[in-house]
Structures are given as C-alpha cells and as structure tokens.
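Trainee: Can you read through this structure? Questions will come right after.
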Amino acid sequence: MEKHYDFAQIERQMQEFWEREQIYRFDQEADGEIYSIDTPPPTVSGSLHIGHLFSYTQGEIIARFRRMQGYNVMYPFGFDDNGLPTERLVEREEGIRANTLSRSAFISKCRNITEKYESEFRTFWKSLGFSVDWSLEYKTISPEVRKISQELFLELVKTGKAYTKESPVLWCVECQTSIAQAELETDDVESAFHYLPFFVEGESLEVATTRPELLYGCVCLFVNPADERYRHYVGKTAAVPLYDYEIPVLADDKVSIDKGTGVVMCATFGDSTDAEWFEKYKLPYRSIILPNGNIAGDVPLIGGLGVHAARQEIIRLLAERGLLIKSEKITHTIGKHERCGRPIEIIPSRQWYIDILSEQERFLKAADEINWYPANMKNRYIAWVENLKWDWCISRQRFSGVPFPVWYCRNCGKPVFAEPEQLPVNPLESKYDGTCGCGGTDFLPESAVFDTWVTSSVTPQINERHGLKLAPMSMRTHAHEIIRTWTFYTIVRSLYHTGSIPWKDLMICGFILAKKDGNQKEKISKSKNNSALDPKYLIVAHSADVLRYWSAGARLGTDTFFSPDDLGISKRFITKLWNASRFAISHLQDIDLSRKPELLPIDRWMTERVKETVTTAGNLLGEYEIGSARHVIDEFFWKDFCDNYIEIIKERLYNPGIHGIEERRSGQYALYDTLLEILKMYSIYVPHITEFIYQKFFRQHEQVISIHLTHWMNPSSVDTKLIHFGEKVKDVIFEMRKYKSERNLSMRSELEMLEIHTEKQYENWFRQTEKDIQACTKAKSIKYFIK
Ligand SMILES: [Zn+2]
Ligand SMILES: [Zn+2]
C-alpha cells in the first residue's frame, strides 16, 4: 500500500465502483426486512451549506449501519423545487420580480434554475459518498408528484378536512401572499405606545396603541371584565379620536389588565387577537391595509400612504389636535415572514385551509406512538401543537407550485373539482367540463397554488408511488428547525390519509452555528460571508471522509460550531487509520486463513475487545447516537488497538524465529480479524478509505464484493475475564512508560527486571504473554507477585 493516501483520486474511484456495481440499489425482493428512510427533500432555495452536510450525513450514516445490520434498506432522495423559497431564489438570481413577467415565462425560468441547482445538489451528495439509490429520486414539482399531491388534496376535500372560507389570514405584503402560522417568525422590536383619548359620554378613556395608523379600522374597545376601573364603561359607546365615529366598549378576559392602560382598541386587523375577536364577536370589517401594504385610498387623512408614513402622519395629527397624551418607548414582539423578514399583516380574503385545530388531541397522541431521537425533541412538537391558533392556510397567491384542481361557478361561486383521471391538472390551462349544481356552466379557475409543505408533507406517499407499501416508514431524519412544519404537517397528513403515524422513528439533528461579531451565535444558513465554509470547497480541500467523520462528532440533536480548524482531528484520524492498516497489512501478506490457530491470551483479548466495541457501538447506533458510537470506536481504535495491541505483538510479527511460528500465526489471525472489524465499524463514517483498504487486501479473502455489504457483527457474548486480563496488561505497559518518561529514558531503553503483581487467575495468561511483554517493555526478566 502507498505511503500516502491520495484521497482525491481514491474517493472518486470508490464512488465509481459503487455506482458500477450498484452496491446501494434497493431491490424490494431482496432478503431482509425493509428499512425505509424518509429523507428530507432539500428546498431548492440556494446553494447547500455546511449545515446541510452536517445533518444529511448523520442520516446517511444510519442508512449504512442498518444495511450492515441486514436490513433491506430503501434510501431514496428527493428535491423540493416549488413554492415561495424557490421563487425567491429565481427572483434573486435573475434580478426580476415574479409579477412583472407572464406567469408561464416566470414558471419556465423557475424550472431552468431549479434543474441547474438539482444537478449541483446531486453531484454534491454523490461526492460525499451517499449510499442513496438515485433511481428512486423524486421532485415535488414533477407531474407524477403533482398528481399524488392533487389526489390527496381532493381526498381531504371529500372528508371535509380541506375547506375554503373568507376570513382574516396572515398576509405578507412583500411576497403578496397568504402564509401559515408555521412560516411566522417572531422578533422583538423597538416601538412606542401612543396614549390617546377615546370619549365616552364626554369622559376620556385612555387607550395605548402601537399602531395608531389603524385608528380608522377601529371597531370596538375591550376591557377585562375583572377590571374594576372600567366596569361601568362596558356596554356604552366611545368616540374614535380624529375620526369621530362611535364604537362599542366590550369586555373580554384576553385583555391584560396591567398592559398599557388596560383598555385595548380592536382594529381590523392589528394582530391575531383582533382577528380572534372579530370572529368571536361577529364584529364589522373596516378595511385599512391593502394586500400591497399601502393604506386603502378611501381612508381619510392617510389614504394611499405606506404603513410607516401613515403612522407618522397620524401621530402628527393627534399631537396637533391635542389628542396625543404621551408616547412611551417599548420593546414588543411582532410577527415576521420567515422568508423575507417583513412584518406580517392580517387581511381578510378567500383561502383554502386544512383543518388542524379540531384534532389537536389526536396529533398529541400520535407523538407518543413515535420514537423520538433524542427524546426531548418531542417537547418542541408538543409545544407547537398546543400553541396552534390558526387552521393551516394552504393557498399561496404565487406562481410556481402545485395548482389547486379547483374552479368556481361564476353563477353561484361554489367550488367544483377535477376528476381523478384529469390529474395532474392546471385549471388555468384546462376547462371544467361539468355543470354546477345550480345549473351554471361557466367557471373561473383557481389561480393560487399549494403551500409547498402541502406536497412535501406527503413524502411517505410519494415514496410509495411505485406500489410498494411502506407506511409507516421506518424512520425520518432532519434538523430540528422543521419540527413545526415538516414533522407536524406529515403527521397530520398521515393521520388523515392512512389513519396511522407516518414513521416509527424520528431522528432529529442539530444545527451548525457560525460565530457572529460580538460572539452571538447565528444559524449558519442565515449568516453572510461564509464562502470559506462552502461545503463543495471543503470536500475538495479536505476530502469527504474527513467532513463525514467531523459530522459525527456531536451528540445527536445538539448544535455545534464549525470552523475549518476543527477538521484537524478528522485528518489525524484518517492518517492514523491509514498508517495502522498499512502496518498490519504488511504483516498479513502470508496469512493462512484455512486453519484457525490456537490463539494466545493477548490475541484472544483483542478479538473479545473488538466484539465488545461492536456491541456497544451497535447499541448506541440503534438509538441513532452516531456521535457517541463513534467515540466508543475511537477509544478502542486509538488506545487498545494502536497504542497497546500493535505495540505488544510487533516483535512477534517481525521475529517468528524468537517467538515461534504458531505464535506469529496467532497474532496474524487476531490482527486480521480485528482490523477487518475496525474497518467495518468505521465504514459507516468514512466509507471511501475503508472500502479502499478492504479492496486492496481483504477482498481476496472475503466473499463479499464491498465492505458496505458486509454484516455488522452480532456477538452472542463477550468473555469479560479476558477483557479484565487485557486491562491488567495495559496497566503494566502504562507503568513502564510512566517509569521511563519520568526518568527521561527512551522507550527503547532496557529494564533489568519488571515486577508484575496480579491475581492467581491471571498468572497463567501472563506467563503465556511473557515474551510479548518483554519485547514491548525491553525487560530482561519478569518477576511475578501473585495475590
Ligand atoms: Zn414575505
Ligand atoms: Zn353554481
């Protein structure tokens, strides 16, 4: 074997070998229970970053582990290439706005750009050595997936779980579309409470508001029914300052007594509480903000202005007329759109929804039927489900997405739906042929598209498109930021369509954080200027195996910082694995595996220790703890195998004349066995170097074509007495090294006599190891003290 490991060339060679031999092809007829993996289809919204590499690699390691356990692993991959994130990428890249182009021209730009990115993504995952079966690939915008998505939507319509209604909805004035609660991000901003007088029978009732520009949208005042100060106002009417019209004063226990003055103005719509009150008390609607974010033209004093300018103008007018009692700086929490950062408005419109509020209990119960790894991630899901305020709004007033298979009767307004054989359908391009219940024959197509999560929440069904029944799938893996979207929505859809949970196990990974100025942590996908952290570049510079090994360093679910300096440990590991393998293999060239020799105790210790390590690591991997498992293997490899065992048997391998031919054979046998098991354990983390070493040497002796098709050892028991014996031998070596280094002696310097203190039960084994110990410690003689 070469002195230096040329990763660039070898990694490419190994990937070509796997592809040529179809090592990872899924054959549903093959032996073994099917283990199906629901991989997150990455959103095509820009280039991949180190965070993707980190979390996707962790799932990949599990795929390899399950395959070695004997499962028939189905490991597909998909791309989520429609919806707002993709549209925003195209707008950025092309320097355009979707609404300045024809719909079809914009969509075709989206297709071209997503194809470019998808091919980049695919190359990237292959260059990381992913064991995906690429023949199972899907795209959420492809006709076959559009058909599945539309079919399942129609199923929800039929069961009453999808419905349309006109009501207040979360609206992004920047993206000009409705959004769902899950796309809302909260932010604390500097703002001000403005105190204004409303007049009740000539008396002034003070109200503090952060949004005085909504004054003309004010439909009532609320106080808390328990608030003594205001009880006598309830049921009376108040005059709105500046606009001078009368509104009722009502009581509701959602009003906090100690916030502001304890009197709240309800406008249509300042926030989600306003929207709740609007529906609860059947309040009238007074339109203020238009979908484009401007104040409606017919609003007196501020019509046509933007929200910010309108607020300034109202404050100025209030002050001028002596109606501004005071303004007071506060920090308060607002809702922003996660995609663009713009504060969200609430605007009434007709949208499609999936009912989620009425089934919260069922979603909570489902959480108990799923195995969460790590277990505490379940709490995030529960907190989200318990805090749901809105049904899931699934229509988006956008362009590149899966269309609703829906038209509306021009006569009565009722929706009509596509027939199954028409799917996939775009109602903007196809006519509805039927007749409405009212006799109408003229129909208006729905122009909105599905929220992208509508389609990506049915990935288990998409993975079943070739007819193989998978539900519930074996596992899903992703990072924790999409628990409220991907995890939640998929559980909802699975319960609605199949009546059961979507997967048995859920493996949730952490994030990679970048250090921002001032030591603030920042999620790497949101930080700017980290092109030095471009994972494509990192692979070229450091190798896929180095990055993969690094990815498996943290405990599952924990967030980690990354800097390229952190790869030093991985690189030292690869060098160590290469050198240790080279050394071992150089002594195994003449190995005779046809007859198992009688093993010496120290060689038996090694084969027992490797069994013990395989078992412990396997148990951790079964719990998806790839980081803790790797640490167990590392401990064994560095300390027991490299630092001790190789040092102990070195002389025996070199000098059969002194140590005996059968004794050398015993060492060779244990060395072969142990190195092979070490390579197998590491093959899930560093698949290229381990495969290369396997092919270079072990393949000629083993029946299996690739190390990745070998089996994870499943030992029935481990001889603990031998393990203890090995620890005692390690102690002797440790004491000898300590003795020499404390006296500044070379490790090769000779010792007159070595004392070994041990129990009777180990005496015989020690005596059988005597030559090895003498060679390793350079002791001229050994004296035993038996306890
Ligand atoms: Zn937006
Ligand atoms: Zn009709």
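Trainee: In the set 15, 22, 28, 58, which member is out of contact with any Pro (no Cβ under 7 Å at 6 or more places or on another chain), within 29 Å of residue 570 (Cα to Cα) and surrounded by fewer than 19 Cβ atoms within 10 Å (Cβ to Cβ)? Quick ask: steps written out before the conclusion?
Mentor: Values: 15 fails: surrounded by fewer than 19 Cβ atoms within 10 Å (Cβ to Cβ); 28 fails: within 29 Å of residue 570 (Cα to Cα); 58 fails: surrounded by fewer than 19 Cβ atoms within 10 Å (Cβ to Cβ).
Going through 15, 22, 28, 58 in turn, just one is out of contact with any Pro (no Cβ under 7 Å at 6 or more places or on another chain), within 29 Å of residue 570 (Cα to Cα) and surrounded by fewer than 19 Cβ atoms within 10 Å (Cβ to Cβ): 22.
Residue-wise test of (1) at pLDDT 95 or above; (2) out of contact with any strand residue (DSSP E or B) (no Cβ under 9 Å at 6 or more places or on another chain); (3) among the β-branched types (Val, Ile, Thr); (4) within 16 Å of ligand 1 (Cβ to nearest atom).
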{"position": "295", "(1), (2), (3), (4)": "yes, no, yes, no"}
{"position": "305", "(1), (2), (3), (4)": "yes, no, no, no"}
{"position": "308", "(1), (2), (3), (4)": "no, yes, no, no"}
{"position": "313", "(1), (2), (3), (4)": "yes, yes, no, no"}
{"position": "333", "(1), (2), (3), (4)": "no, no, yes, no"}
{"position": "338", "(1), (2), (3), (4)": "no, no, no, yes"}
{"position": "355", "(1), (2), (3), (4)": "yes, no, no, no"}
{"position": "360", "(1), (2), (3), (4)": "yes, yes, no, no"}
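Trainee: In addition: Looking at (1) over 27 Å from the mean Cα position of the chain (by Cα); (2) charged (D, E, K, R); (3) surrounded by fewer than 22 Cβ atoms within 10 Å (Cβ to Cβ); (4) in a helix (DSSP H, G or I), which is the only condition residue 571 fails?
Mentor: So residue 571 meets the others, but not (1).
Trainee: Against the definition (touching a residue at least 40 places away in the same chain (Cβ under 8 Å) and of a type in the set (A, V, I, L, M, F, W, C)), how does residue 366 come out, yes or no? Full working, then the answer.
Mentor: Numbers: touching a residue at least 40 places away in the same chain (Cβ under 8 Å): yes; of a type in the set (A, V, I, L, M, F, W, C): yes.
Yes: the conditions hold for residue 366.
Trainee: Given the conditions (1) touching a Leu at 6+ places or on another chain (Cβ under 9 Å); (2) within 19 Å of residue 620 (Cα to Cα); (3) surrounded by fewer than 20 Cβ atoms within 10 Å (Cβ to Cβ), which single one is not true for residue 712?
Mentor: Among (1) touching a Leu at 6+ places or on another chain (Cβ under 9 Å); (2) within 19 Å of residue 620 (Cα to Cα); (3) surrounded by fewer than 20 Cβ atoms within 10 Å (Cβ to Cβ), residue 712 violates only (3).
Trainee: Another question, if that's okay. Step by step: first the residues of the range 370-410, then only those that are assigned to a helix (DSSP H, G or I) and of a type outside the set (Val, Ile, Thr), then the one that is nearest to ligand 1 (Cβ to nearest atom). Which residue is that?
Mentor: Ranking the qualifying residues of the range 370-410, first place goes to 384.
Trainee: From 297, 235, grab the single residue that is surrounded by fewer than 17 Cβ atoms within 10 Å (Cβ to Cβ) and in contact with a Gly (Cβ under 6 Å, 6 or more places away or on another chain).
Mentor: Going through 297, 235 in turn, just one is surrounded by fewer than 17 Cβ atoms within 10 Å (Cβ to Cβ) and in contact with a Gly (Cβ under 6 Å, 6 or more places away or on another chain): 297.
Trainee: Residue check, residue 407 against (1) over 28 Å from residue 45 (Cβ atoms); (2) away from ligand 2 (no atom under 16 Å from the Cβ), all met but one. Which one?
Mentor: (2)
Trainee: Can I ask one more? Identify the residue in the range 162-187 that is within 12 Å of ligand 1 (Cβ to nearest atom) and hydrophobic (A, V, I, L, M, F, W, C) and, among all such residues, is farthest from residue 271 (Cα to Cα). Show your work before the answer.
Mentor: We begin by selecting, within the range 162-187, every residue within 12 Å of ligand 1 (Cβ to nearest atom); these are 170-179, 183-185.
Filter once more, so that each one left must be hydrophobic (A, V, I, L, M, F, W, C): 170-173, 175, 179, 184.
Details: 170: 9, 171: 11, 172: 13, 173: 15, 175: 19, 179: 14, 184: 13 Å.
Among those residues, the one meeting the criterion is 175.
Trainee: Right, something else. Which one of these is under 18 Å from residue 683 (Cα atoms) and either within 16 Å of ligand 1 (Cβ to nearest atom) or modelled with pLDDT under 95 (or both): 65, 54, 106? Walk me through it before giving the result.
Mentor: Working: 65 fails: either within 16 Å of ligand 1 (Cβ to nearest atom) or modelled with pLDDT under 95 (or both); 106 fails: under 18 Å from residue 683 (Cα atoms).
Only one candidate passes the filter, namely 54.
Trainee: Is there a residue in the range 759-775 that is in a strand (DSSP E or B) and more than 23 Å from residue 660 (Cα to Cα)?
Mentor: Looking through the range 759-775, none of the residues is in a strand (DSSP E or B) and more than 23 Å from residue 660 (Cα to Cα).
Trainee: Within the range 424-518, considering only strands (runs of 3 or more DSSP E) that don't extend past its boundaries, which have at least 3 residues that are within 16 Å of ligand 2 (Cβ to nearest atom) and in contact (Cβ under 8 Å) with a residue 24 or more places away in the chain?
Mentor: Fully inside the range 424-518 and qualifying: 443-445.
Trainee: Quick one: in the range 300-312, of everything that is in contact (Cβ under 8 Å) with a residue 24 or more places away in the chain and surrounded by fewer than 17 Cβ atoms within 10 Å (Cβ to Cβ), which residue is farthest from residue 245 (Cα to Cα)?
Mentor: My answer is 301.
Trainee: Say whether the condition of being within 16 Å of ligand 1 (Cβ to nearest atom), loosely packed, with under 14 Cβ neighbours inside 10 Å and touching a residue at least 40 places away in the same chain (Cβ under 8 Å) is met by at least one residue in the range 411-420.
Mentor: Looking only at the range 411-420, we keep the residues that are within 16 Å of ligand 1 (Cβ to nearest atom), and these are none.
Checked the range 411-420: no residue is within 16 Å of ligand 1 (Cβ to nearest atom), loosely packed, with under 14 Cβ neighbours inside 10 Å and touching a residue at least 40 places away in the same chain (Cβ under 8 Å).
Trainee: With the checklist (1) farther than 24 Å from residue 180 by Cβ; (2) out of contact with any Gly (no Cβ under 9 Å at 6 or more places or on another chain); (3) within 15 Å of ligand 2 (Cβ to nearest atom) in hand, flag the one item residue 415 doesn't pass.
Mentor: (1)
Trainee: Output yes when any residue across the range 260-269 is at negative phi and surrounded by fewer than 17 Cβ atoms within 10 Å (Cβ to Cβ), and no when none is.
Mentor: no
Trainee: Is it the case that residue 57 is of a type in the set (Val, Ile, Thr) and closer than 25 Å to residue 710 by Cα?
Mentor: The answer is yes for residue 57.
The values are calculated or read from the model by the stated rules, or taken from the named source; none is laboratory data. Just so it is clear, the structure is predicted and the values come from calculations on it, not from any experiment. Neighbour counts run over all protein chains shown; Cβ positions are idealised from the backbone, glycine included.
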